[in-house]
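Peer 1: I'd like to ask some things about the structure below.
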Amino acid sequence: MTYGINTLTTWDLDKHPEEKKVIIEGEEFCEDVFDAFVRKGEAVGIDEVHVKTYCPVRARQTVMRIIFYATESIDGKFVDD
């Protein structure tokens, strides 16, 4: 399995479908982007730690909801693929 989370990223006309575009506080983002932590077939040690940093999208945001996803795909692009 490949494991990751649902994220927003800066929207790119060349990479992202129009239906995934959202505008938050005047900026264009792509929603439902699958950000993988570990890909199918990769070995993970018992004491191995993966660290990633995420930033809030809204200026006054004080909490973030992290939703974890798993897929059989090695290179999923979106959480609803």
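The values are calculated or read from the model by the stated rules, or taken from the named source; none is laboratory data. Every value quoted in this text rests on a predicted model; they were computed, and no experiment measured them. Here Cβ is always computed from backbone atoms with ideal geometry, including for glycine, and neighbour counts include all displayed protein chains. Note: areas computed on protein heavy atoms with side chains; ligands, DNA, RNA excluded. Shrake-Rupley method; radii C 1.70, N 1.55, O 1.52, S 1.80 Å.
Peer 1: Counting only protein heavy atoms and using a 1.4 Å probe, what share of the accessible area of the chain belongs to carbon plus sulfur, as a whole percent? Can you show the working numbers first?
Peer 2: Details: 3210 of 6240 Å².
Here carbon and sulfur together make up 51 percent of the probe-accessible area.
Peer 1: Enumerate lysine pairs in the chain that are 8 or more residues apart or on different chains, then count those whose Cα atoms are under 16 Å apart. Don't jump to the answer; show the numbers that get you there.
Peer 2: Working: 15/77; 20/77; 21/77; 40/77.
Final tally of qualifying lysine pairs is 4.
Peer 1: Now for a different question. How large is the accessible surface per residue of the chain, computed with a 1.4 Å probe and reported in Å² as a whole number? Provide the component values of the computation, followed by the final result.
Peer 2: On the way: 6240 Å² over 81 residues.
Roughly 77 Å² per residue, with all protein chains present.
Peer 1: Taking the Cα centre of region 7-81 as the origin and placing charges on Cβ (Lys, Arg +1; Asp, Glu -1), which of 51, 36, 74 is farthest toward the positive end of the dipole?
Peer 2: 51
Peer 1: Once you have a ≥ b ≥ c as the square roots of the Cα gyration tensor eigenvalues for the chain, tell me rounded if a/c is under 1.5, and otherwise prolate or oblate according to whether a/b is larger than b/c. Mind dumping the intermediate values first?
Peer 2: Numbers: a/c = 2.79, a/b = 1.47, b/c = 1.89.
It is oblate, given that a/c is not under 1.5 and a/b is not larger than b/c.
Peer 1: Right, here's the next one. Could you tell me which chymotrypsin sites (Phe, Trp or Tyr not before Pro) in region 26-59 are loop residues by DSSP with no more than 11 other beta carbons within 10 angstrom of their beta carbon? Spell out each step's value before the answer.
Peer 2: Working: sites: 29, 34, 37, 54; in loops: 54.
Answer in residue order: 54.
Peer 1: Once the whole set of protein chains is in place, how much accessible area is left on residue 9, using a 1.4 Å probe, in Å² to the nearest 10?
Peer 2: Its heavy atoms expose roughly 50 Å² to the probe.
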